[in-house]
1. Taking a ≥ b ≥ c as the square roots of the eigenvalues of the Cα gyration tensor of the chain, is the shape rounded (a/c under 1.5), prolate (a/b larger than b/c) or oblate?
2. So, in nm, how far is label Leu364 from label Arg448 when the simple model puts each one 7 Å beyond its Cα toward the Cβ?
3. Using only the Cα atoms of the stretch 255-352, build the gyration tensor, take square roots of its eigenvalues as a ≥ b ≥ c, and label the shape rounded, prolate or oblate: rounded if a/c is under 1.5, else prolate if a/b is larger than b/c, else oblate.
4. Below 8 Å, C-alpha to C-alpha, sequence gap of six or more: please give me the relative contact order for the chain in percent.
5. Per DSSP helix of 4 or more residues, -39500 (n - 2.57); summed, then divided by the residues of the chain. What does that give at 222 nm, rounded to the nearest 500?
6. Distance in nm between label sites at Tyr158 and Ser59, each 7 Å beyond Cα in the beta-carbon direction?
7. Among the lysines, which have Cα under 30 Å from the Cα of Lys261 when same-chain residues fewer than 8 positions away are ignored?
8. Among 260-271, 39-50, what's the highest-first ranking by average C-beta atoms within 10 angstrom per residue?
Amino acid sequence: MAAGPNSETGMATRAREAAPGIGELPNYVGGRFEVTGSLFDDVTPVSGAVVSRVHEADSALVDAAVHAARGAFESAWRPMPTAKRCALLHKVADGIEARFDDFLAAEVADTGKPASIARQIDIPRGAANFRLFANLMETAGTDCFEMDTPDGRGALNYSVREPHGVVGVIAPWNLPLLLLTWKVAPALASGNTVIAKPSEETPVTATLLAEVMDAVGVPPGVFNVVHGFGPNSAGEWLSRHPGIDALTFTGESRTGAAIMKAAADTVKPLSFELGGKNAAVVFADADFDAAIEGTARSVFANCGQVCLCSERVYVERPIFERFVAALKAQAEALVPADPWANDCTLGPLISAEHRTKVLGYYDLAKNEGAEVVTGGGVQDFGDARDAGCYVQPTIWTGLPDSARTVREEVFGPVCHVAPFDSEDEAIARANDSDYGLATAIWTRDLSRAHRVARRIEAGICWVNCWFLRDLRTPFGGVKLSGIGREGGLHSLNFYAEQKNICVKL
Ligand code: NAD
């Protein structure tokens, strides 16, 4: 059922304003804000309060989104000159920046992350993703080869990028706007139309993005948002849909496996950015203070809910005790607070369900024989924070590498710290994982840094830093951490097929 025509923008905002704290979020299909009457709650982990009620897309609405996206691809978006398409994407970036405070408020309410982080990272990156890929699309070249032929006249081979058509984007909750736009922007820049399914935990900024697209004149059907869950809901229906030409997904590895199975019958390009159990390797010659500060950030940022977070820290034995003590001090200095408080450095976990999972690992670690250096449970604040999904930042030592808590992704503010005695041992233990997303190496020895980085089984290796990234670089993981690379031209290569045209001269 249509909630209103194209001109009826601002629905997510107005809905939230109409009943402060509880409004309704529509889907956005074919340029119309659509309600279904089947509502689920969007809850803030800060207090457990319902912040909005979300209209879950049914399978008919997902079909309608695919139909609208196909129509818009053929009639509006693919034929549009690249420069005009990219100018519109810059307007989308302008639109996000113009409504910065709305996006910020939505992201903080949905995730509970410190407002200072969302202000510095999540929302600016949401806009920057559109600018980056619009600029790149306008300047990206393709291959061209002249070849000899027996008649001496030769031939010219050149390749062109052809958009796939309709791209499905399925996103997680930890960096909702940043990760959604990381895929939506290059997909649109490449000439595809998009159906986005945000996480059911964090549906608001995707809806605000639809409002921005609508307001700046992105043609109806080019960008669509369907709300819902995974299995037997919008996520699965998109994955199975024969009208979806390519699928890009960020989330858990086992969800990636389910999507791969669902998509198999209609053989389509897949890009997967999945989970991690990332290692940090700290050599005794490292700049100690930088290694401590960087490792603490890599363990506790966003309450440990970043796919790149370190959950396994290997420290060369001569500095092990000192390192554990200093990391403990960093953990205990974190300030769990309301995300809008200026001093907040630790927000809650995303949901009560996720907190139960993380606390399950806290208990499991004790059963597996961990020494709990700090944390290991829930704070007793004696104030409003007790209603939120906060947990103590936690450090374990003393676990064998075979422990489940050393092998499985917890996705909370926690790490295990273990000593090592040689470079070979450190590399072998860092690589002893089903995952392979990112590793941080801390050393002042440049030769060793290069040597170790080359032998690490991961898509990303940091040396003396963490989370530092030029958006043009390849991003992705090996093993259970993903398939493919996105970022810069790597994204453009995924979001389009390269066709070779050979012209006999
Ligand atoms: P998740 O896999 O539970 O959900 C992600 C999205 O997939 C959601 O929109 C969800 O509704 C949907 N989904 C769930 N089951 C589905 C199914 N069967 N079919 C289709 N869609 C389905 O992940 P999450 O809990 O939202 O996010 C946390 C995970 O994401 C962690 O494992 C983290 O490491 C990973 N992650 C990876 C990266 C990366 O770049 N590698 C980045 C961020 C997060």
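Since every read-out is calculated from the coordinates, none of them should be taken as a lab result. If you're wondering where the values come from, they're calculated on a predicted model, not measured in any experiment. Here Cβ is always computed from backbone atoms with ideal geometry, including for glycine, and neighbour counts include all displayed protein chains.
1. oblate
2. Spacing of the two 7 Å Cα→Cβ label points: 3.3 nm.
3. Cα axes put the stretch 255-352 in the oblate bin.
4. Contact order relative to length: 18 percent.
5. -11500 deg cm²/dmol
6. Reported label-point gap for Tyr158 and Ser59 is 4.6 nm.
7. Lys183, Lys197, Lys277, Lys357, Lys479, Lys499
8. Packing order, densest peptide first, comes out as 39-50, 260-271.
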